[in-house]
Amino acid sequence: MAGAGMEPTVTKVRSGGAELSRITGAKAPSGIPLDGGPTVPRPKNSNAPFRGLGISKGTSRGAGGKSRKAGEARKLAEARRAALVRRNG
């Protein structure tokens, strides 16, 4: 700012204040979607509770009931064995 020869104006504002709306040009939302199409509410998925990312419940989910960390360790070991085979080929 100093290099451009400008002096900034400091204004203390609060969230939702009239001065903040004046400075930013904020307006109340119109409720009309930007794409012009009708708004469709999303259905809420209440069937499956969030269980986190670490483990899966049961063997039918693909990981065999093992943790993600165990799966990553298995893949790393397989990659190391494959690299040894390629090197010693």
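Scanning segment 12-25 for residues that are surrounded by 10 or more Cβ atoms within 10 Å (Cβ to Cβ) and part of a loop (DSSP other than H, G, I, E, B) yields V13, G17. All conditions in (1) in a helix (DSSP H, G or I); (2) at pLDDT below 70 hold for K57, with the sole exception of (1).
The values are calculated or read from the model by the stated rules, or taken from the named source; none is laboratory data. Owing to the predicted nature of the structure, the values given are computational and were not obtained by experimental measurement. All Cβ positions, even for glycine, are placed from backbone atoms using ideal geometry, and neighbour counts span all protein chains on display.
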